1. Scan segment 16-38 and tell me whether some residue there is in contact with a helix residue (DSSP H, G or I) (Cβ under 7 Å, 6 or more places away or on another chain), closer than 21 Å to residue 219 by Cβ, modelled with pLDDT of 95 or more and within 12 Å of ligand 3 (Cβ to nearest atom).
2. Looking only at segment 252-289, filter to residues that are touching a strand residue (DSSP E or B) at 6+ places or on another chain (Cβ under 7 Å) and farther than 27 Å from residue 395 by Cβ; which one of those is nearest to ligand 1 (Cβ to nearest atom)?
3. Please work out which residue is surrounded by the most Cβ atoms within 10 Å (Cβ to Cβ), limiting yourself to segment 295-327 and to residues that are more than 30 Å from residue 270 (Cα to Cα) and at pLDDT 90 or above.
4. Here is a check on your reading of the model: is residue 205 among the polar types (S, T, N, Q), surrounded by 24 or more Cβ atoms within 10 Å (Cβ to Cβ) and at pLDDT 95 or above?
5. Somewhere in segment 374-392, is a residue assigned to a loop (DSSP other than H, G, I, E, B), surrounded by fewer than 18 Cβ atoms within 10 Å (Cβ to Cβ) and either at pLDDT below 95 or not β-branched (Val, Ile, Thr) (or both)?
6. Read through the list (1) within 15 Å of ligand 3 (Cβ to nearest atom); (2) part of a helix (DSSP H, G or I), then give the number of the only condition that residue 201 fails.
7. Is there a residue in segment 395-405 that is over 27 Å from residue 242 (Cα atoms), of a type outside the set (Ser, Thr, Tyr) and at pLDDT 90 or above?
8. Given segment 60-166, what helices (runs of 4 or more DSSP H) lie entirely inside it while holding 3 or more residues that are out of contact with any Pro (no Cβ under 9 Å at 6 or more places or on another chain) and modelled with pLDDT under 95?
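The values are calculated or read from the model by the stated rules, or taken from the named source; none is laboratory data. Remember, predicted model here, so these are calculated numbers, not experimental data. Note that we place each Cβ from the backbone using ideal geometry, even for glycine, and neighbour counts take in every protein chain shown.
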Amino acid sequence: MSIANGLTVAKFGGTSVADYDAMHRCADIIINNPATKVVVVSASSGVTNKLVALTQATTTSEQSKLLIKQIASIQYQILDRLGHPSEVAAKIDAVISHISVLAERLVLSRSKAVMDEMLSQGEMCSSVFFAAVLREKGAAAAAFDVRQVMRTDSHHGRAEPQIESIAQLAEEHLAPLLSSQVIVTQGFIGADEEGATTTLGRGGSDYSAALLAEALRATAVEIWTDVAGIYTTDPRLAPNAKPIAEISFNEAAEMATFGAKVLHPATILPAVRQKIQVFVGSSWTPEQGGTWIRHQVSDEPVYRAVAVRRDQTLLNLHSLQMLHAQGFLAQTFATLAKHKISVDLITTSEVNVALTLDKTGSDSSGHGLLSESLLQELSQHCRVRVEDGLALVAVIGNRIASTAGVCRRVFEVLEPHNVRMICQGASPHNLCVLVEEAQAADVIRALHENLFES
Ligand code: ADP
Ligand code: ASP
Ligand code: MG
């Protein structure tokens, strides 16, 4: 079959598939749009966090038992509400037993491949349930194991999708199924060439939806979540945040990169490659509309949004070698690259370099980036100081670096706060400040008030 035209891929996040009632609401959204042929689901809210806890070395066997019980309870509550639970009960039972087996295997060997297998179990359950709910409502629907098509490398915890293979596999295994039914599949997970389960990093289901949309040459991706679109800042932080009706790929990518959790930072990449429109809306209030992310938009304001990325690490490197010498930065970056660390922000002086580490789309299992061996290696050619407990606040918009008065409006409200680092000038789309994490919420609210509420 040739791949459908006008196809929409819809993704539902954790709160949208938290329980039976939530899934029911989401099923209506699918049924009301015949163009939606592929549904990508996250694990039910809270399940992935519990699975992550099961993979941690510090979790005791008593705690493991409790976590498995809690996960089972979330899943069986959904099962019990289904009209025909027997259709899927065996599958859910099998997943719950598999979780216990994996927990035991992790005690013997802390294999990253087993951890990913563990983390994938939440999505396995929610996809089976969601397909059952759709069928209950009269739609032809089937669950599909995304590992048949979502080919990645073997970098467990933060696997890299193999775009060409995914397109080929989707054409072969997924596209032929779409003519007669809605396919419900898992976000966040994939498989490497050997068939081992991998994960794309926390929050990766948005990315999965965009990757499948790219592979199937869909025309739209819908990200259904618990907020009615992308706002001028996180509405949980600033109640006066306003929804944005339309935003460009560039601006949305900046927002996602700088911590607007509503979208996984990599989501935009496949959409840009294939010029696929992305919609973000609330599965609770779909009638309210949401945000369209498009290639071209009618309005590109100087100030679009403010975002915050927490849990930032600042590395301060001091070396007299830097003074009137060459090669220090090259050496530093080579060491960081060797340890697979990507640098985010950077400022330099005569003998110091300050840089923050890019934790974007960090490892699914929540492992830190700074290893002892990296610190030792850096210490061989400079003095290293590590500061934690920081947050990066970004003002996002257009022509930021070439518009007079931007700095005044940003810094006038930062007066009571200690700004550890400032980055401005490299990008026309952002101005960033590093502040103490405890002050981040106040900084966001003050900036939002000054830039968007006055
Ligand atoms: P899902 O489970 O559906 O993927 P997430 O929790 O990952 O949902 O993302 C939705 C959350 O993103 C919202 O509840 C909101 O608190 C947060 N968020 C952060 N920044 C923004 C923003 N600028 N606009 C909207 N939501 C935001
Ligand atoms: N369930 C995964 C997580 O919690 C992926 C996602 O929700 O996007 O990170
Ligand atoms: Mg998310």
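1. Here is the first cut: in segment 16-38, the ones in contact with a helix residue (DSSP H, G or I) (Cβ under 7 Å, 6 or more places away or on another chain) are 16-17, 19-20, 22-24, 26-27, 29-30, 36, 38.
With closer than 21 Å to residue 219 by Cβ added as a condition, the list becomes 26, 29-30, 36, 38.
Checking the rest, the ones that are also modelled with pLDDT of 95 or more come to 26, 29-30, 36, 38.
From the residues that got through so far, the ones that are within 12 Å of ligand 3 (Cβ to nearest atom) too are none.
No, segment 16-38 contains no residue that is in contact with a helix residue (DSSP H, G or I) (Cβ under 7 Å, 6 or more places away or on another chain), closer than 21 Å to residue 219 by Cβ, modelled with pLDDT of 95 or more and within 12 Å of ligand 3 (Cβ to nearest atom).
2. Filtering first and then ranking leaves 283.
3. First, pick out the residues of segment 295-327 that are more than 30 Å from residue 270 (Cα to Cα): 314-327.
Filter once more, keeping what is at pLDDT 90 or above: 314-318.
Details: 314: 19, 315: 23, 316: 17, 317: 21, 318: 15.
My answer is 315.
4. yes
5. Here is the first cut: in segment 374-392, the residues assigned to a loop (DSSP other than H, G, I, E, B) are 380-382.
From what is left, the residues that are surrounded by fewer than 18 Cβ atoms within 10 Å (Cβ to Cβ) are 380-381.
Narrowing further to those that are either at pLDDT below 95 or not β-branched (Val, Ile, Thr) (or both): 380-381.
Yes, segment 374-392 contains a residue that is assigned to a loop (DSSP other than H, G, I, E, B), surrounded by fewer than 18 Cβ atoms within 10 Å (Cβ to Cβ) and either at pLDDT below 95 or not β-branched (Val, Ile, Thr) (or both).
6. Unmet condition: (2).
7. no
8. The qualifying helices (runs of 4 or more DSSP H) are 86-108.
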